[in-house]
Every structure is written in structure tokens, then in C-alpha cells.
Amino acid sequence: MEKSSEKFSRRSPRRISGLFPVLLAGFLLFALCGCSPQSDSSSAENTPEESATQEVYAMDTYMTLTASGESANAAVSAAAQKLYELDAELSATDENSQIYALNHRLSDRVSGDAAAVLSASIRLSALTEHCFDISVYPLVCAWGFPTREYRIPSEEEIDRLLSHTGMEGISFDTSSGKVTFADEQMMIDAGAIAKGYASDAVADVFHSYGITSGLISLGGNVCAFGSKTDGSDWNIAIQDPSSPSDPNAYAGIIRCSDAFLITSGSYQRYFTENGKRYCHIIDPSTGYPADNGLSSVTVVSSSGTEGDALSTALYVMGLERASEFWRNCTDLSFEAVFITQEGKIYVTEGIADDFESSLSAPEIISRS
């Protein structure tokens, strides 16, 4: 789902000053919404006719939708309904979903949002050197992540399952919706892109209702819709990976408007065995959980769909390869924040002036 320039600008986030207390929390990202006393007073005089917040549980995630505008209540209600629909349509485990039907050969066609997600997944896999790959689902299952019945598969099992993966084995006729798997044991899971796509969909709903200011928090996916009601930028905080259970522990703040910020990390979904941590992000080239020195990657983009896929791909790449990918990528426009397992922070130069951290001075990744 592409965002047109009429809905979201593709400019870099604007800078504003100050750090503010947390008022709205996401799973991996937080929106810091407070204002100084002077701007609080100014904001009160210009309060929109309506402001509404609704909490949703979908896609195995607690979500929060906040909107300001004349139709805020209707907008968040419609957005919540859209999230429930997407949850049902894109689930790999719901027996009524199109993805489940594909995986179990109950159907060879997709339509609507499922078709859009599949098309985007194929495109983004190719653009990210196949580091983003929705066909690793059999491997995700082998490691026990969907059921939380964790285990370490044998090398033989991983090699066997790897032979049934690879996005190049998926053919999709967009005109008819027909999907062909080159391997009869192939399966797909849209989990690594579904919430990004959903944030785009909710943003579209907000736009259709004339919303002027809002926050869409879908776990580690946040959309800063427009700016705050006082006209200033949003402050989105990145969770400190070393303190994942502390809702007030954040590694840095990004100031932005009209932007999607999406985090992938190893510190929320993982299991430990014999002192080694295994995260849920599978490296498509090895079949093992990615382990390359990163704790989290946050992508700032004008597209939630692209940002979601990119955050996974960059995490799989690791810092050095991801930095080079960012320097050379001409087909996708994005910025990123990388946090290593040692706690070092690296920020691409496009958002260096909009990022602040109280933990350590970030190192800037430049184009040259």
C-alpha cells in the first residue's frame, strides 16, 4: 500500500526541543506527547472538536488508536474494524484466512488485502536481497515460535526445511490473483509485514475521515499521523533493548511528523537454551535465528508496509551490511536507528538532527 504525497509528505521529520513524559506507550516504541506549560495553554485554546482513543487487540498485539478531528470517534471505530478484518484475512493460523487457505492448498487465489500484502512481499524481498522473506514460515514453526513450544531443530531438519523456502519459488498473477508455489511443501506467513500494512490501512482510514492529528500504535509499529494538535512534532521513543520490561526505559527519541516508525528486535520474542538466546527473526539464508550483534533496528519511512519489511531485513543483514544497503539503496527511501548488543547506537545521517539519546552519543552513518 503506497502512500501518496497528498496523504503523507516524504520530508524528513522536523526538529523540536525538549524531552517529555510518556503519555502513550507502544510495545517497542513510545509516543512522548507532553508539552511545556506554554504550549499546553496554547493547545487548549485550539482543541479540535473531537478527540478519541480506542484500544484494540489484534495480530497478537495490543494496539492503541488516537485521533483528533471532527470525526475522531467514527475514525477510530472504523480503523479498529479494519484491524480486525486484516487480522482475520492475513493470519497464517486462522482456518478462514486466505493465507491459511494458500498454505493448506484449500485455494490457489488471493484477493483484496491478502493480494496486496503478497505483492508487496515479493517486491520487497527482491529489493532487500531476500533478507525479507515470508516463505520462512516452516522454519519459524520448527523453532516453535507460533505455538511458544520452543525447540532447537537439528541441522538436518533445518537443511530440509530450507530446501522448501525462497521467495523465488512463489509466482503471483496479480490480474487473476492466482498463486503458484514451486514447492509443494512451501508455506508463507505475513507476520513480518502485516502490522506495517495495517498501519498504512489505518492511516488511510484516518485520512478518509478528515483526521488532522493522530497516533497509530500497533506494537512496534507507530504512525505519527500529521503533527500534534498544537502543530509541533511528535516525540517517538525507542525502547531500551536492555530493559524490555520497563515501560519507561527508552534508548532514544525521534522527533517527527507524517512518518512511520517500525522496530524489529531480539528482546521481546525469544527463548534461551544453554545460555544462548534465540530470537524469532529467522535468517532466510541459514534457517537459524538472526544473531549478528544487533539488539534492535528502527526504520523511519513514509510507508508502514515498506518500513515493516525493512526493519526485519536490516536486522537480518546486521549493522555493516545494513549500513551499506542504506547507502546504496535507490528504490526505497528510509532512515534507521541501530542498537547493538553492546548498547552502541548508530543513526543514519538523514535523521541525525532529529534523534536524541540519554544513554550514549550515537554514531552517525553517512552516505560517504
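The values are calculated or read from the model by the stated rules, or taken from the named source; none is laboratory data. Predicted model only: the values in this text are computed from it and were never measured. As a convention, Cβ positions derive from the backbone with ideal geometry for all residues, glycine included, and neighbour counts pool all protein chains shown. Ligands, DNA and RNA are stripped out before the accessible areas are found, and what is left, the full protein with its side chains, is counted by its heavy atoms. Shrake-Rupley method; radii C 1.70, N 1.55, O 1.52, S 1.80 Å.
Evaluated with a Cβ-only charge set (Lys, Arg +1; Asp, Glu -1), the chain carries a dipole of roughly 380 debye about its Cα centre, given to the nearest 20. For Asp353, what accessible area in Å² do you get when you roll a 1.4 Å probe over the heavy atoms of the protein chains, rounding to the nearest 10? Approximately 100 Å² for this residue.
Phi angles of region 71-87 translate, via the Karplus equation with coefficients 6.51, -1.76, 1.60 and θ = phi - 60°, into HN-Hα couplings of 10, 4, 4, 5, 5, 5, 5, 5, 5, 4, 4, 5, 5, 5, 5, 5, 4 Hz per residue; Gly and Pro are given as x. Of the three principal axes defined by the Cα atoms of region 83-126, the extents in descending order read 29, 25, 16 Å. Give, to the nearest whole percent, the P(r) tail of region 305-354 beyond 12 angstrom, counting all Cα pairs. Roughly 65 percent, rounded to a whole number.
Close amide-amide hydrogen proximity is noted between Ile281 and Ala290, each under 5 Å apart and 5 or more residues distant or on a separate chain (H modeled in the peptide plane; Pro and chain starts excluded). Residues in region 248-368 average 37 Å² of solvent-accessible surface per residue, probe 1.4 Å, ligands and nucleic acids excluded. Whole-Hz Karplus values for region 289-301 come out as x, 4, 8, 9, x, 9, 9, 7, 10, 10, 9, 10, 8 Hz, taken residue by residue from phi with 6.51 cos²θ - 1.76 cosθ + 1.60 and θ = phi - 60°; glycine and proline positions read x.
Taking a ≥ b ≥ c as the square roots of the Cα gyration tensor eigenvalues, with a/c under 1.5 meaning rounded and otherwise prolate when a/b beats b/c, else oblate, which class fits region 137-211?
Numbers: a/c = 4.47, a/b = 1.61, b/c = 2.78.
In terms of gyration-tensor shape, oblate.
Quick one: pull the percent of accessible area on the chain belonging to carbon and sulfur, 1.4 Å probe, ligands and nucleic acids left out. Heavy-atom surface of the chain belonging to carbon and sulfur, 1.4 Å probe: 46 percent. Taking all protein chains together, Thr212, Thr64 sort by accessible area into Thr212, Thr64, largest first [probe 1.4 Å]. For the pair Asn73 and Ala352, label points projected 7 Å from Cα toward Cβ lie 4.9 nm apart.
The Cα atoms of region 253-329 define a convex hull whose projected area, averaged across directions, is 6.1 nm². Whole-Hz Karplus values for region 309-324 come out as 5, 5, 4, 5, 4, 5, 4, 5, 5, x, 4, 5, 5, 5, 4, 5 Hz, taken residue by residue from phi with 6.51 cos²θ - 1.76 cosθ + 1.60 and θ = phi - 60°; glycine and proline positions read x.
Take the Cβ-Cβ distance between Asp159 and Cys329 as r, set R0 to 25 Å, and report the resulting FRET efficiency rounded to the nearest 0.05. Once rounded, the FRET efficiency stands at 0.20.
With Cα atoms defining each centre, region 242-309 and region 138-161 are spaced 20 Å apart in the structure. Between Ser171 and Arg109, the contour length at 0.36 nm per residue exceeds the alpha carbon distance by 21.2 nm.
Remark: the Cα gyration tensor places region 105-164 in the prolate category, a/c being 1.5 or greater and a/b exceeding b/c. For region 182-271, the square roots of the Cα gyration tensor eigenvalues, ordered a ≥ b ≥ c, give a/c of at least 1.5 with a/b no greater than b/c, which places it in the oblate category.
For Tyr250, nonlocal amide neighbours, meaning residues 5 or more places apart or on other chains whose placed amide H falls under 5 Å from its own, are Asp240.
For the chain, the Kirkwood estimate of the hydrodynamic radius, built from every pair of different alpha carbons, is 20.9 Å. What is the distance in Å between the Cα centroid of region 319-345 and that of region 70-101? Taking the Cα centre of each part, region 319-345 and region 70-101 sit 31 Å apart.
One quarter of the convex hull surface built on the alpha carbon atoms of region 275-368 amounts to 6.9 nm², the projected area averaged over directions.
Helix content alone sets the calculated 222 nm mean residue ellipticity of the chain: runs of n ≥ 4 DSSP H residues at -39500 (n - 2.57) each, divided across all residues, give -9000 deg cm²/dmol.
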